[in-house]
1. Looking at the range 40-52, I want the residues that are without any contact (Cβ under 8 Å) to a residue 60 or more places away in the chain and have a partner that is within 16 Å of the ligand (Cβ to nearest atom) and aromatic (Phe, Trp, Tyr) with Cβ atoms under 6 Å, at least 6 apart or on another chain. Which pairs are those?
2. Does the range 79-94 contain at least one residue that is without any contact (Cβ under 8 Å) to a residue 12 or more places away in the chain, outside any loop (DSSP other than H, G, I, E, B) and polar (S, T, N, Q)?
3. Of the residues Ala71, Ala53, Ala76, Ala93, which single one is under 30 Å from Ser20 (Cα atoms), of a type in the set (Gly, Ala, Ser) and touching a His at 6+ places or on another chain (Cβ under 7 Å)?
4. Do any residues in the range 1-30 that are of a type in the set (Ser, Thr, Tyr) have Cβ atoms under 9 Å from those of residues that are in a helix (DSSP H, G or I) and within 11 Å of the ligand (Cβ to nearest atom), where the two are at least six apart or on different chains, and which pairs are they?
5. Among the residues of the range 30-84, how many are among the acidic types (Asp, Glu) and within 16 Å of the ligand (Cβ to nearest atom)?
6. Out of Val97, Val47, Val35, which single residue is surrounded by fewer than 16 Cβ atoms within 10 Å (Cβ to Cβ), of a type outside the set (Phe, Trp, Tyr) and touching a Leu at 6+ places or on another chain (Cβ under 8 Å)?
7. For the range 85-104, how many residues are under 28 Å from Gly115 (Cβ atoms) and more than 16 Å from the ligand (Cβ to nearest atom)?
Amino acid sequence: MSTKESKENCVFCKILAGESPVSMIYEDEQLAVFVDLFPVNEGHLLVIPKYHAPYMKDVQAETLQHMISIAQKMNAALRASGLPCEGVNLFMADGEVAGQEVFHSHLHVIPRFRGDGFGFRYDRARHFRQSDRSRMDEIAEVLKNGFS
Ligand SMILES: [Zn+2]
């Protein structure tokens, strides 16, 4: 059955198969880096595994480490490029509710500059309120127990 997570519907696998146009920056055995078709700002890049991996859990740890390492190099390349870039956001949306739209896990590398108008939206009254220590300790315990 074909689902939103399936390889058959995956626009990034089509790119990797040479079936869709792409402005490729870098590729090796594990990953590819290309220019985002719908950029937040010019120079917005995507780092993706070379294999179909719908969610972060499906990406091999070694590939994820390599993705971060390459994102560091792309950050430097953006800062040296002459494109507007005073800072960089790395962003991975894992799951639809987190903003994932293409279900082939990918890391955004987004050049940022003052006044670009991009950013997380939040409600000051609801988010970033100081938590209480006992609840923080409970959360830490839950996550310690689930961590392996
Ligand atoms: Zn894919």
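All of the numbers you see were taken from the coordinates with simple rules; none came from a lab. The structure presented is a predicted model; accordingly, all values stated were derived computationally and were not measured. All Cβ positions, glycine included, derive from the backbone under ideal geometry; neighbour counts span all protein chains shown.
1. Every condition considered, the pairs that remain are Ile48/Phe12.
2. no
3. Working: Ala71 fails: touching a His at 6+ places or on another chain (Cβ under 7 Å); Ala76 fails: touching a His at 6+ places or on another chain (Cβ under 7 Å); Ala93 fails: touching a His at 6+ places or on another chain (Cβ under 7 Å).
Exactly one residue qualifies, and that residue is Ala53.
4. Close Cβ pairs satisfying both conditions: Ser2/Glu8; Ser2/Asn9; Thr3/Asn9; Ser20/Val11; Ser20/Phe12; Ser20/Lys14.
5. Just the residues of the range 30-84 that are among the acidic types (Asp, Glu), to begin with: 36, 42, 58, 62.
Keeping just the survivors that are within 16 Å of the ligand (Cβ to nearest atom) gives 36, 58.
Of the residues in the range 30-84, 2 are among the acidic types (Asp, Glu) and within 16 Å of the ligand (Cβ to nearest atom).
6. Details: Val97 fails: touching a Leu at 6+ places or on another chain (Cβ under 8 Å); Val47 fails: surrounded by fewer than 16 Cβ atoms within 10 Å (Cβ to Cβ).
The match here is Val35.
7. So the count comes out to 9.
For (1) more than 16 Å from the chain's Cα centre (by Cα); (2) hydroxyl-bearing (Ser, Thr, Tyr), each residue gets a yes or a no:
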| site | (1), (2) |
| --- | --- |
| Lys14 | yes, no |
| Glu19 | yes, no |
| Val22 | yes, no |
| Phe38 | no, no |
| Asn41 | no, no |
| Ile48 | no, no |
| Gln60 | no, no |
| Ser81 | yes, yes |
| Cys85 | yes, no |
